[in-house]
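Sharing a structure here in structure tokens format.
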Amino acid sequence: MTKVSAQTKAKQAASAFIREAREAGWQRAKFEIKPDGSVIVDANMVAPEAADDFLNSDLRMGE
């Protein structure tokens, strides 16, 4: 019997997480698998806000 690597276990866990998150209606779920098999998850129930904050003085549309 072959031994399952930490990377394979992490991929399976992340895949199951994404599937469950979609079924639960999560807006965003992102994961990153490290070479040692650890998983970093970034999930949120709301969509991220756009970073469009600026000042009118920053527009340089002429003086």
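Each value in this text was obtained by applying a stated rule to the coordinates, not by laboratory testing. Being a predicted model, the structure only gives us computed values, none of them experimental. So basically every Cβ, Gly included, is an ideal-geometry build from the backbone, and we count neighbours across all protein chains shown.
Scan around ALA43 for amide H atoms under 5 Å from its own, H built in the peptide plane at 1.01 Å from N, and keep only partners 5 or more places away or cross-chain.
Answer set, sorted by chain and number: LYS30.
Right, next: All other residues with a Cβ under 10 Å from the Cβ of ASP42 taken together, and with Lys, Arg as +1 and Asp, Glu as -1, what is their net charge?
Neighbourhood net charge equals +1.
Sticking with this structure for a sec: Taking a ≥ b ≥ c as the square roots of the Cα gyration tensor eigenvalues, with a/c under 1.5 meaning rounded and otherwise prolate when a/b beats b/c, else oblate, which class fits the stretch 1-45?
Cα axes put the stretch 1-45 in the oblate bin.
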